[in-house]
Amino acid sequence: MVTMKFVHFLENYSSDGSIKDYKFQFETLSESSVPTIYVDFEQVTTFDIDLATFIVKDYYRFEPCLRRAIQSVHMKHHTPLQSQQIQSEEYSVAFYNTGPHYKLRDLKTHLIGKLTSVCATVTRTSEVRPELLFGSFRCTDCNYIFNDVEQQFKYTEPVKCPTTNCQNTNRWMLIPERSKFVDWQKVRVQENANEIPSGSMPRSMDIILRQAAVEKAKAGDRCIFTGMLIVVPDVSALRLPGAAVTAVRDFSKVTGVPSQPGQGVTGLTELGVRDLTYKMVFLAQTVQGAVDKSAVNIRQDMDSEESVSQFSEQEKKDIFMMKSDRNLYKNLVASFAPAIYGHEDVKRGILLMLFGGVHKVTPEGINLRGDINVCLVGDPSVAKSQFLKYVSGIIPRSVYTSGKASSAAGLTASVVRDSETGEFNFEAGALLLADNGIACIDE
């Protein structure tokens, strides 16, 4: 029923009553390397409230139905020969505008499997790797090929060989050329600075990105991730320092015969008696930049068309009116940090720093950066920290940190060992997180 409802929505929804909104996406879907349909969830809610309720409450269950709906709609517009090629492709759906965003601290077990959105700051990203989605296995005893084995967030083999005379349960060989792989990336996120309660440490969580969502977030970005919360075994908590987790099979206590490989799993070696713990991971299908509408990006990390498009028509008219004002510089200084009385010269210096200088390139090809650094020195209680907090509040890409609470390595970058893979990765500090922005270092 959910598949039929979603097919009906994709084929018939029209915001203006004449043009189908998702027709163009299906026409260009074959040209995309990652076939993904982006769906505005507010449109789903207005079109069919029952369908939207089903998707939100049980997204983990109905997500394969939504992918099959996209595949069936795409096959209707192609010949039978092209439809055979479409059946082998792996489609995905990406929702956005799903409603209120959850804080990282509010993600609890009651949200597992539901369609949710979370807003957080990216602190670390991994490299893009292939992930096995559906595996094809060959039985090493009778050469029977078992196709399309779905991977349940771990390496999953067939339970038993279906051949009559073969009783194989664990001797399988993966066939990579028949298996389906997708791009996979793990992102480490942290609570936003303005959401951390006083006296608390910031919470962190791993977010898994697949297919079209990979390489959409970089360290320091404040993003909105839309997807679902899942539970996976926390293998890193079971590992001993310097020891790998391996499985052993032992039937000697039951049969009295020395154990042989391939007779069933009894436990994990080198662990002793330990409980298997679990952790929550967020599986995201959509990544969007979370920029406050009241803040405007004034740095040169976007082209001119994107920088103009972030203003409304009324704001553009106000900017052109301000352009003809002779007292523009004086008015900007007066409107900067209005809660702080006086300090006009300090405000002028910080305002010029926000606009930045001119980047130049010498004839020899040497880049001369036009960024301006400002150092505030003064007696206590003259609003030095208030200036820093005001600047970090009006700039989208800014980090406020204290020099006493962080070392030199913490300000630049630190080497962190991954608890699962054991690899060493760079974790960005305050200066890298504020790249193309403002780093406010207090004392």
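The table below lists the values:
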item: Residues that are in a loop (DSSP other than H, G, I, E, B) and either among the polar types (S, T, N, Q) or at pLDDT 85 or above (or both), drawn from the stretch 90-100; result: Asn97, Thr98
item: In the stretch 9-29, the residues that are touching a residue at least 40 places away in the same chain (Cβ under 8 Å) and either in contact with a Pro (Cβ under 8 Å, 6 or more places away or on another chain) or surrounded by fewer than 16 Cβ atoms within 10 Å (Cβ to Cβ) (or both); result: Glu11, Glu27, Leu29
item: Residue check for Ala69: crowded, with 20+ Cβ neighbours inside 10 Å, of a type outside the set (Phe, Trp, Tyr), in contact with a Lys or Arg (Cβ under 9 Å, 6 or more places away or on another chain) and under 21 Å from Leu283 (Cα atoms); result: yes
item: Meets criteria (crowded, with 17+ Cβ neighbours inside 10 Å, modelled with pLDDT of 80 or more and within 17 Å of the chain's Cα centre (by Cα)) for Val56; result: no
item: Subset of the stretch 211-250 (residues that are modelled with pLDDT under 70, among the small types (Gly, Ala, Ser) and not in a helix (DSSP H, G or I)); result: Gly242, Ala243, Ala244, Ala247
item: Any hit, the stretch 117-138, residues being outside any strand (DSSP E or B), free of Cβ contacts under 8 Å to residues at least 24 places away in the same chain and surrounded by fewer than 16 Cβ atoms within 10 Å (Cβ to Cβ); result: no
item: Which numbered condition Pro202 misses (of (1) surrounded by fewer than 18 Cβ atoms within 10 Å (Cβ to Cβ); (2) part of a strand (DSSP E or B); (3) touching a helix residue (DSSP H, G or I) at 6+ places or on another chain (Cβ under 9 Å)); result: (2)
item: Glu157 assigned to a loop (DSSP other than H, G, I, E, B) and touching a Phe, Trp or Tyr at 6+ places or on another chain (Cβ under 9 Å); result: yes
item: Among residues of the stretch 318-368, those that are part of a loop (DSSP other than H, G, I, E, B) and not aromatic (Phe, Trp, Tyr), counted; result: 19
item: Sole exception among (1) part of a loop (DSSP other than H, G, I, E, B); (2) under 23 Å from Leu283 (Cα atoms) for Asn143, by number; result: (2)
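The values are calculated or read from the model by the stated rules, or taken from the named source; none is laboratory data. Computed from a prediction, not measured in an experiment: that's the story for all the values here. Positions of Cβ are backbone-derived with ideal geometry, glycine not excepted, and every protein chain shown enters the neighbour counts.
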